[in-house]
Amino acid sequence: MDPIKIDITILAPVEKVWNYFNEPKHITKWNFAHESWQCPSSENDLRVGGKFKNRMEAKDKSFGFYFEGVYDEIEPQEKIKYHITDGRKVEVIFDKIDDNTTKVIEIFDPEKQNSVEMQRDGWYAILNNFHKYVENH
């Protein structure tokens with residue numbers, strides 16, 4: 001299956017976008033697809049070979065899981081490549097449009113359990129949450 005690509009333009013400098021995307025104190029504030037979910041914990045060792053681990057769970061605690069992976073490539077304020085525990089690859093590009101505008105592009109391998117549309121919508125919802133958080137904080 002072909003990788004899925006999504007993007008969003010954020011009205012903020014690339015330095016801020018990078019920091020909010022990678023710092024656990026920020027990740028817990030935006031890393032969920034729907035307001036009935038939360039990200040109560042985040043660990044992030046942002047270096048090649050480093051690991052991240054984010055807890056994703058329903059606010060009513062009825063379901064939850066860890067989203068975790070290992071970094072394969074990091075170019076500060078430009079690009080991150082990682083693979084998640086099931087082996088799928090993800091690339092995140094931070095494209096500085098100008099001093100106050102950054103385009104974030106995510107390219108990820110789909111999994112086989114859910115439709116491509118559902119996966120695109122879910123990942124986009126999280127990216128849109130990120131966009132709103134960065135622009136409002």
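The values are calculated or read from the model by the stated rules, or taken from the named source; none is laboratory data. What you see is a predicted model, and the numbers here were worked out from it, not measured in a lab. Neighbour counts are summed over all protein chains in view; Cβ atoms, including those assigned to glycine, are modelled from backbone coordinates with ideal geometry. Please note that ligands, DNA and RNA were not included when accessible areas were found on the heavy atoms of the full protein model with its side chains. Shrake-Rupley method; radii C 1.70, N 1.55, O 1.52, S 1.80 Å.
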_If I ignore ligands, DNA and RNA and count only protein heavy atoms, how much of SER41 is accessible to a 1.4 Å probe, in Å² to the nearest 10?_
50
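Quick one: compute the contact order of the range 62-137, relative version, from alpha carbon pairs under 8 angstrom and 6+ residues apart, as a percent.
That works out to 16 percent.
Placing +1 at every Lys and Arg Cβ and -1 at every Asp and Glu Cβ, with all other atoms neutral, what dipole size does the chain have around its Cα centre, in debye to the nearest 20? Let's see the in-between values first.
Values: 19 positive and 25 negative charges, 74 e Å.
Roughly 360 debye for the chain.
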*Which whole-number percent gives the relative contact order of the range 1-92, counting Cα pairs below 8 Å spaced six or more residues apart?*
16
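Accessible area per residue, 1.4 Å probe, Å², for the chain: what's the number? Before the final figure, lay out the partial values.
Working: 7710 Å² over 137 residues.
Ligands and nucleic acids excluded, the figure is 56 Å² per residue.
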_For the chain, calculated [θ]222 nm from helices alone, where every DSSP H run of n ≥ 4 adds -39500 (n - 2.57)_ = -8500 deg cm²/dmol
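Please list, by residue number, every one of the chymotrypsin sites (Phe, Trp or Tyr not before Pro) in the range 9-62 that is coil in DSSP and has at most 16 other beta-carbon atoms within 10 Å.
Values: sites: TRP18, TYR20, PHE21, TRP30, PHE32, TRP37, PHE52; in loops: PHE32.
Counting only loop positions with at most 16 other Cβ atoms within 10 Å, none of the chymotrypsin sites (Phe, Trp or Tyr not before Pro) in the range 9-62 qualifies.
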_Unit charges on C-beta of K, R, D, E only; dipole of the range 27-80, Debye_ = 240
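Kindly flag which residue pairs out of LYS16/LYS112; LYS59/LYS96; LYS61/LYS103; LYS16/LYS59 have an alpha-carbon separation exceeding 32 Å in this structure.
Details: LYS16/LYS112 34 Å; LYS59/LYS96 35 Å; LYS61/LYS103 34 Å; LYS16/LYS59 28 Å.
Flagged as over cut-off: LYS16/LYS112; LYS59/LYS96; LYS61/LYS103.
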*So how exposed is LYS51, as accessible area in Å² (1.4 Å probe, rounded to 10)?*
130
_For the chain, I need the span (max minus min coordinate) of the C-alpha atoms along each principal axis, in Å, sorted largest to smallest._
42, 31, 29
